[in-house]
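Asker: What follows is a single structure, and I will ask about it in a moment.
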Amino acid sequence: MLDIRFVIENKEVVKKAILDKKVSQITPEDVDRLIKLYEEIKDLKSKIQTLRTQRNKIASELSKRDQNDPLFREKVKEGKKLKQEISELDTRLRELEEEFNSIYFYLPGIPSDDTPVGKDENDNVPVRYWGKKPDFGFDPKPHYELLEKYGLFDAKTGVKVAGFRGYYLLGDLALLHLAVLRFAFESIVKKGFIPVIPPTIARYFALFGTGHFPWGEEDAYRLANPHIEEDLYLVGTAEVPLMAYFADRVIPRDKLPIKMVGISMCYRREVGAHHKDLKGLYRLHEFWKVEQVVISPPDEEIANKLHEEITHNAEEILQALELPYRVVKMCTADMGELQYRKYDIETWMPGSNKYRETHSSSLMKDTQCRRNNIKVRYKDGTTEYAWSLNNTAIASPRILIAIVENYQEKDGKIRIPDVLQPYMFGKKYLEPLEIF
């Protein structure tokens with residue numbers, strides 16, 4: 001969410017961001033309408049305040065005047081007239097504010113100058129590569145073929161029980177899932193991040209605060225309960241409750257940056273992806289994530305360093321797992337509505353013979369903190385909105401695709417990465433499972 005004063009002073013910049021980020025809910029012309037609405041609302045509020053002052057003055061006079069005084073009835077009549085006029089103006093004010101918000105809440109963040117302008121994921125720019133792609137000496141199989149053969153992955157029963165994209169992780173695959181999550185979580189905690197297990201049910205304000213709403217409402221699971229008046233939602237990332245933890249707080253400057261790492265279940269409906277990645281573990285409705293969230297002072301140099309830091313943290317996890325990957329700088333149309341700068345980390349997946357997105361790393365500037373009303377207080381007592389950053393340290397089961405496919409051997413065995421073996425009771429290979 002942008003400062004309305006910034007919008008007024010930089011409306012052409014905002015219009016360009018709408019076009020570059022391909023925001024579909026509003027148009028550049030809506031920016032002009034927004035500014036006009038802002039002025040109308042400001043004038044209307046001033047008028048309402050003037051009328052209320054007049055009405056309060058009349059009320060004060062009536063309290064001192066005898067009801068038999070001929071002027072008493074005239075003042076009562078004048079007061080009622082003002083009340084009616086204020087009521088009508090209040091109704092008009094609500095209408096204008098509703099129209100204002102229908103535009104304002106969809107304003108995108110302004111991308112950084114070094115963000116490539118592009119129309120889709122094909123315009124993202126690789127900035128570095130790490131690791132050597134495995135040379136198997138045979139045609140590698142996709143993870144779902146290997147895991148179904150081993151009896152470790154059951155999508156058929158998963159769909160029967162949980163619906164579309166439901167799944168079961170069984171035996172050693174369940175242990176591998178927990179192992180990679182624990183390894184990633186502990187790796188980030190060792191770097192001084194505060195470990196957090198947050199709630200995964202959140203109120204609307206929390207998803208609005210991170211910018212997941214109103215854009216992504218169709219992708220969220222809403223909890224329908226006739227006994228609960230308010231709407232509650234399942235979150236798609238720990239970023240939501242971690243940011244909401246700081247909502248409406250003023251943080252002393254000397255306490256920043258605050259670095260947190262959350263681990264949680266995540267839920268996304270994946271609307272629009274019904275015919276994509278139908279097999280396997282890539283695009284699921286429920287999964288786990290380890291998420292880094294940082295509250296930063298509003299300082300470009302500090303925030304840029306923090307952005308590189310949290311990205312490097314995620315890279316170190318992949319390097320420890322010995323998985324080849326590349327880091328790409330996201331273009332304007334693929335980076336997300338509120339992001340200032342964003343990297344994706346794409347891990348090599350031999351089964352599909354390409355790099356695929358497994359991590360994201362975003363610098364948000366003040367867009368989320370403005371929505372969540374998170375401020376920093378300086379020693380002189382002044383305040384301004386803080387900045388925020390977030391990064392996927394690991395997401396599983398998606399990362400299991402890369403592990404299984406990169407660690408497969410010619411005889412069909414699947415080796416366990418060395419750093420995960422201590423979490424797997426010392427096992428070096430996944431063992432087949434036969435329940436029936």
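The values are calculated or read from the model by the stated rules, or taken from the named source; none is laboratory data. As the structure is a computational prediction, the values presented were derived from the model and not from experiment. When we count neighbours, we look across all protein chains shown, and the Cβ atoms used for this are built from the backbone with ideal geometry, even at glycine.
Asker: Would you call V240 at pLDDT 95 or above, within 30 Å of V376 (Cα to Cα) and touching a Ser or Thr at 6+ places or on another chain (Cβ under 6 Å)?
Answerer: Taking the combined requirement at face value, the residue satisfies it.
Asker: Give me the residue from segment 26-57 that is more than 21 Å from R94 (Cα to Cα) and modelled with pLDDT under 95 and, out of that set, farthest from the chain's Cα centre (by Cα).
Answerer: Restricting to residues being more than 21 Å from R94 (Cα to Cα) and modelled with pLDDT under 95, the top hit is K57.
Asker: L400 is checked against (1) in a loop (DSSP other than H, G, I, E, B); (2) within 23 Å of Y167 (Cα to Cα); (3) assigned by TED's automatic domain parsing to the domain that holds G351 and fails just one. What number does that condition carry?
Answerer: The single condition L400 does not satisfy is (1).
Asker: Same structure, new question: Hand me the list of strands (runs of 3 or more DSSP E) wholly inside segment 235-346 holding 1 or more residues that are among the aromatic types (F, W, Y) and in contact with a His (Cβ under 8 Å, 6 or more places away or on another chain).
Answerer: Result: 258-267, 286-296.
Asker: Given the structure, is K156 surrounded by fewer than 20 Cβ atoms within 10 Å (Cβ to Cβ), among the charged types (D, E, K, R) and assigned to a loop (DSSP other than H, G, I, E, B)? Write out each step before concluding.
Answerer: On the way: surrounded by fewer than 20 Cβ atoms within 10 Å (Cβ to Cβ): yes; among the charged types (D, E, K, R): yes; assigned to a loop (DSSP other than H, G, I, E, B): no.
Criteria not met by K156.
Asker: Moving to a separate point now. Scan segment 414-422 and give yes if some residue there is assigned to a loop (DSSP other than H, G, I, E, B) and touching a His at 6+ places or on another chain (Cβ under 7 Å), otherwise no.
Answerer: No, the conditions are met nowhere in segment 414-422.
Asker: Using the structure shown, decide if V294 is assigned by TED's automatic domain parsing to the domain that holds Y129, of a type in the set (A, V, I, L, M, F, W, C), within 29 Å of F183 (Cα to Cα) and in contact (Cβ under 8 Å) with a residue 60 or more places away in the chain.
Answerer: yes
Asker: Oh, and also: Is it fair to say R33 is among the basic types (K, R) and more than 30 Å from G216 (Cβ to Cβ)?
Answerer: No: the conditions fail for R33.
Asker: Something else: Any residue in segment 325-336 that is within 22 Å of V23 (Cβ to Cβ) sitting within a Cβ distance under 6 Å of a residue that is surrounded by fewer than 23 Cβ atoms within 10 Å (Cβ to Cβ) and among the aliphatic types (A, V, I, L, M)? List the pairs, counting only those 6 or more apart or interchain.
Answerer: Once the first residue is within 22 Å of V23 (Cβ to Cβ) and sits in segment 325-336, its partners that are surrounded by fewer than 23 Cβ atoms within 10 Å (Cβ to Cβ) and among the aliphatic types (A, V, I, L, M) give K329/V125; K329/V127; T332/V117.
Asker: Take the residues of segment 62-89 that are of a type in the set (D, E) and surrounded by 13 or more Cβ atoms within 10 Å (Cβ to Cβ): which is modelled with the highest pLDDT? Before you say what the answer is, go through the steps one by one.
Answerer: Keep residues of segment 62-89 that are of a type in the set (D, E), which gives 66, 69, 74, 78, 85, 88.
From the residues that got through so far, the ones that are surrounded by 13 or more Cβ atoms within 10 Å (Cβ to Cβ) too are 78, 85.
Working: E78: 84, E85: 92.
So, considering only residues that are of a type in the set (D, E) and surrounded by 13 or more Cβ atoms within 10 Å (Cβ to Cβ), the one modelled with the highest pLDDT is E85.
Asker: So, in segment 254-278, how many residues would count as being exposed (fewer than 14 other Cβ atoms within 10 Å of the Cβ) and either more than 27 Å from S352 (Cβ to Cβ) or at pLDDT 95 or above (or both)?
Answerer: 3
Matching residues to (1) crowded, with 20+ Cβ neighbours inside 10 Å; (2) within 21 Å of L318 (Cα to Cα); (3) in contact (Cβ under 8 Å) with a residue 60 or more places away in the chain:
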{"residue": "D120", "(1), (2), (3)": "no, no, yes"}
{"residue": "F136", "(1), (2), (3)": "no, yes, yes"}
{"residue": "D139", "(1), (2), (3)": "no, no, no"}
{"residue": "L152", "(1), (2), (3)": "yes, no, yes"}
{"residue": "Y167", "(1), (2), (3)": "yes, no, yes"}
{"residue": "L170", "(1), (2), (3)": "no, no, yes"}
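Asker: Suppose we filter segment 205-233 for residues that are free of Cβ contacts under 8 Å to residues at least 40 places away in the same chain and either over 13 Å from the mean Cα position of the chain (by Cα) or assigned to a loop (DSSP other than H, G, I, E, B) (or both); how many remain?
Answerer: 15
Asker: Only one of (1) modelled with pLDDT under 95; (2) surrounded by 12 or more Cβ atoms within 10 Å (Cβ to Cβ) fails for L96. Which number is that?
Answerer: (1)
Asker: Is it true that some residue in segment 189-196 is surrounded by 13 or more Cβ atoms within 10 Å (Cβ to Cβ) and assigned to a helix (DSSP H, G or I)?
Answerer: Yes, segment 189-196 contains at least one residue that is surrounded by 13 or more Cβ atoms within 10 Å (Cβ to Cβ) and assigned to a helix (DSSP H, G or I).
Asker: Of Y144, Y129, which residue is part of a helix (DSSP H, G or I), in the same structural domain as V404 (by TED's automatic domain parsing) and touching a residue at least 60 places away in the same chain (Cβ under 8 Å)?
Answerer: Details: Y129 fails: part of a helix (DSSP H, G or I).
Checking each option against the conditions leaves just Y144.
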